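The structure appears below as structure tokens.
The values are calculated or read from the model by the stated rules, or taken from the named source; none is laboratory data. Bear in mind the structure is a predicted one, so any value in this text is a computation, not a measurement. Neighbour counts are summed over all protein chains in view; Cβ atoms, including those assigned to glycine, are modelled from backbone coordinates with ideal geometry. When the accessible area is computed, the model is the full protein with side chains, heavy atoms only, and any ligands, DNA or RNA have been set aside. Shrake-Rupley method; radii C 1.70, N 1.55, O 1.52, S 1.80 Å.
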Amino acid sequence: QVQLVESGGGLVQAGGSLRLSCAASGIIFSSNSMGWYRQAPAKQRELVATITNGGSTSYADSVKGRFTISRGNAKNTVYLQMNSLKPEDTAVYYCVYHDYITGENYWGQGTQVTVSS
């Protein structure tokens with residue numbers, strides 16, 4: 001079982017920055033990826049960015065060039081640096097851990113990001 005704890009959400013003006021953090025605990029295997037999804041009101045949850053334990057990254061087109069995903073040295077922490085935020089980035093952001101061995105996904109509780117215009 002993997003537990004995820006997110007932090008770093010909040011209210012920011014358009015053009016501002018926020019940094020989200022997610023710490024994983026429990027059984028952590030080397031073959032995994034971590035990432036961020038977001039869900040805005042009345043919309044489906046969508047992928048924002050992912051990073052493998054080897055450091056390969058992928059981003060949604062809507063955040064490329066503005067958001068950067070990274071992992072801590074211990075590999076059990078993932079960060080999302082969000083710059084040039086827009087009102088349409090407003091959503092609840094969820095951290096996810098994907099175990100390549102079992103195929104399971106573990107989710108954090110979510111953290112609210114609100115960007116005012």
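The combined condition, being in contact (Cβ under 8 Å) with a residue 60 or more places away in the chain and more than 30 Å from S117 (Cβ to Cβ), is not fulfilled by M82.
Of everything in segment 20-45 that is open to solvent by 50 Å² or more (accessible area, probe 1.4 Å), in a strand (DSSP E or B) and small (G, A, S), the residue that is nearest to V113 (Cα to Cα) is S25. Criterion applied to V5, V96, V48, V92 was being open to solvent by less than 60 Å² (accessible area, probe 1.4 Å) and out of contact with any Leu (no Cβ under 8 Å at 6 or more places or on another chain), and the one residue passing it is V92.
Take the conditions closer than 16 Å to N105 by Cβ and either among the small types (G, A, S) or part of a strand (DSSP E or B) (or both) and apply them to L80. Does it pass? No, not satisfied. Among residues of segment 63-80 being open to solvent by 60 Å² or more (accessible area, probe 1.4 Å) and either at pLDDT 95 or above or of a type outside the set (G, A, S) (or both), the one that is nearest to W36 (Cα to Cα) is T68.
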